[in-house]
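Student: Got a structure for you, written out below as structure tokens; questions coming shortly.
The values are calculated or read from the model by the stated rules, or taken from the named source; none is laboratory data. Note that this is a predicted model, so its numbers are computed, not measured. Don't worry about glycine lacking a Cβ; one is built from the backbone with ideal geometry, like all the others, and counts go over all protein chains shown.
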Amino acid sequence: MRGERTAQATAHQLVHCVLDSDSDGLTDALEVVVVQGDRLADYVREVVAELIQVATTAMRDTIGPTTDTMAFGVDLRDDTDDPVAIDDLVPQSRATVRALLADLNGSPEDARFQLDLAVRELDPLTGLDAVRRALTMTVALIQWTGEAR
């Protein structure tokens, strides 16, 4: 059954489908998310957590060793390339970005807390949106780091 696929496998399939322009595979992977029923929030949390791991691994592999004095930040832009404050994002998006930054900056407890916030009060549509936003961020970072191929 499709719903029995692990969240980690779903996350990796999503990334590969986007990078390979496989719209049918992407649709299949997103359907796996939607059919989770009572397990939706946990499944979305696990998918988003894995997408963040993929993104942070690509970043760390690209930049190499970091020091305690280094900190990662983010430059958020809208569709017209104007700056956007993180607090202007919808709560799930804000929490997802903060989870990524917490992970990159070596704060796993903060990353877990932000992931919990990112999946509060999900329904299938908002669950898909949370996954889509994390996937977009992950693929952008993979492409930026040159890890795509």
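Student: Looking at Thr80, Thr67, Thr56, Thr62, can you tell me which residue is surrounded by 14 or more Cβ atoms within 10 Å (Cβ to Cβ) and either among the hydroxyl-bearing types (Ser, Thr, Tyr) or modelled with pLDDT under 90 (or both)?
Tutor: After applying the criteria, what remains is Thr56.
Student: In contact with a Gly (Cβ under 9 Å, 6 or more places away or on another chain), of a type outside the set (A, V, I, L, M) and either without any contact (Cβ under 8 Å) to a residue 60 or more places away in the chain or within 29 Å of Val34 (Cα to Cα) (or both): which single residue out of Thr66, Thr96, Thr138 fits that description?
Tutor: Thr66
Student: Please determine, by comparing only the residues of segment 8-18 that are within 15 Å of Arg132 (Cβ to Cβ) and of a type in the set (A, V, I, L, M), which one is surrounded by the most Cβ atoms within 10 Å (Cβ to Cβ).
Tutor: So the residue we want is Leu14.
Student: What's the number of the only condition in (1) under 18 Å from the mean Cα position of the chain (by Cα); (2) in a helix (DSSP H, G or I); (3) charged (D, E, K, R) that Asp75 fails to meet?
Tutor: (2)
Student: Further question: Just for segment 1-30: of the residues that are charged (D, E, K, R) and outside any helix (DSSP H, G or I), which one is nearest to Leu125 (Cα to Cα)?
Tutor: Arg5
Student: Could you please find all residues in segment 31-53 being part of a helix (DSSP H, G or I), in contact with a Lys or Arg (Cβ under 9 Å, 6 or more places away or on another chain) and either hydroxyl-bearing (Ser, Thr, Tyr) or surrounded by fewer than 19 Cβ atoms within 10 Å (Cβ to Cβ) (or both)?
Tutor: Glu31
Student: Also, quick follow-up: Residues of segment 7-36 being in contact (Cβ under 8 Å) with a residue 12 or more places away in the chain and not aliphatic (A, V, I, L, M), which ones?
Tutor: Those that are in contact (Cβ under 8 Å) with a residue 12 or more places away in the chain and not aliphatic (A, V, I, L, M): Gln8, Thr10, His12, Gln13, Cys17, Gly25, Asp28, Glu31, Gln36.
Student: Test of understanding: among Leu101, Leu122, which residue is surrounded by 19 or more Cβ atoms within 10 Å (Cβ to Cβ), in contact with a helix residue (DSSP H, G or I) (Cβ under 9 Å, 6 or more places away or on another chain) and assigned to a helix (DSSP H, G or I)?
Tutor: Being surrounded by 19 or more Cβ atoms within 10 Å (Cβ to Cβ), in contact with a helix residue (DSSP H, G or I) (Cβ under 9 Å, 6 or more places away or on another chain) and assigned to a helix (DSSP H, G or I) holds for just one of Leu101, Leu122, which is Leu101.
Student: Residues of segment 28-72 being among the β-branched types (Val, Ile, Thr) and under 13 Å from the mean Cα position of the chain (by Cα), which ones?
Tutor: Once the filter is applied, which keeps residues that are among the β-branched types (Val, Ile, Thr) and under 13 Å from the mean Cα position of the chain (by Cα), segment 28-72 yields Val44, Val47, Val48, Ile52, Val54, Thr56, Thr57.
Student: Run Asp87 past the list (1) exposed (fewer than 11 other Cβ atoms within 10 Å of the Cβ); (2) touching a strand residue (DSSP E or B) at 6+ places or on another chain (Cβ under 9 Å); (3) not polar (S, T, N, Q) and report the number of the one that doesn't hold.
Tutor: (2)
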